[in-house]
Amino acid sequence: DQQVKQNSPSLSVQEGRISILNCDYTNSMFDYFLWYKKYPAEGPTFLISISSIKDKNEDGRFTVFLNKSAKHLSLHIVPSQPGDSAVYFCAADVYGQNFVFGPGTRLSVLP
Amino acid sequence: KAGVTQTPRYLIKTRGQQVTLSCSPISGHRSVSWYQQTPGQGLQFLFEYFSETQRNKGNFPGRFSGRQFSNSRSEMNVSTLELGDSALYLCASSLVGGLDTQYFGPGTRLTVL
């Protein structure tokens, strides 16, 4: 049973528009959430994180929103650029002891 | 500063064999974690080593084991390989641990025939 779900395996967005990647989780003990980006033939790279005590965290073009009651988080990329095309993984953590990743969403930003 | 290196990059084995994968962390990093990536399951945490001790462990069978040496290099071993073990195995290192400070290697692509 997947504790972290990314129900959209792929997403296509026009350059300059907003990309919204979604993630749902089932374990209410998760207290820290992260997004990773992965290019082909490379390891994932950390993108942005959010603690369970917050509902929003921004870093440049990237914003993560957390809705604890719905057990849902989302990553917004504005504006989307072709270089953002990659697989995005949502991850959750419990006191640094239980690392769980979602299956990933492949984002394609079309020029 | 050199990144995380993994060897070999590609490996083909047959069912029943065993395999050892190697990971060299970034210099100074003491935490090494291993992950399995498959198309349907995404990234799954295998285990984390810190200062030669296994600190955390995911939900994988005992066929999957690892160790860390005094120089922080780590090896992962899979015994009695099964077809379902075909995956990309990623290693990540960090100074003391923590998902947001991990640097991933490029991975070892294991194919089990």
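Just so it is clear, none of the values below were taken in a lab; they were calculated from the coordinates. It should be emphasised that the depicted structure is a prediction, and the values quoted were computed from it without experimental measurement. Positions of Cβ are generated from backbone atoms using ideal geometry, with glycine treated the same way; all protein chains shown enter the neighbour counts.
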**Complete:** Whole-Hz Karplus couplings 3J(HN,Hα) for the range A:48-64, θ = phi - 60° and coefficients 6.51, -1.76, 1.60, Gly and Pro as x, run 7, 9, 8, 7, 5, 8, 10, 10, 7, 9, 10, 8, x, 7, 9, 9, 10
**Within a Gaussian network of chain A (alpha carbon springs, distance under 10 Å), most fluctuating of A:ILE18, A:ILE50, A:ILE77** = A:ILE18
**Request:** Go ahead and run the numbers for FRET between A:ARG61 and A:GLN3, Cβ-Cβ distance against an R0 of 45 Å, rounding to 0.05.
**Result:** 0.95
**Message:** Please report the antiparallel percentage of DSSP beta bridges with both residues in the protein assembly as shown, rounded to the nearest 5.
**Reply:** 90 percent
**Request:** Could you name the lysines whose alpha carbon sits less than 18 Å from that of A:LYS54, not counting residues in the same chain fewer than 8 places away?
**Result:** A:LYS68, A:LYS71
**Prompt:** Which one of A:GLY43, A:GLY60, A:GLY83 has the biggest mean-square fluctuation once chain A is modelled by GNM with Cα springs under 10 Å?
**Reply:** A:GLY60
**Message:** Please list, in order along the range B:72-88, the HN-Hα scalar couplings obtained from phi with the Karplus expression 6.51 cos²θ - 1.76 cosθ + 1.60 (θ = phi - 60°), rounded to whole Hz, x for Gly and Pro.
**Reply:** 6, 4, 10, 10, 10, 10, 10, 9, 6, 4, 10, 4, x, 7, 4, 5, 9
**Estimated FRET transfer efficiency (B:SER86, B:THR7; beta-carbon r; R0 22 Å; 0.05)** = 0.75
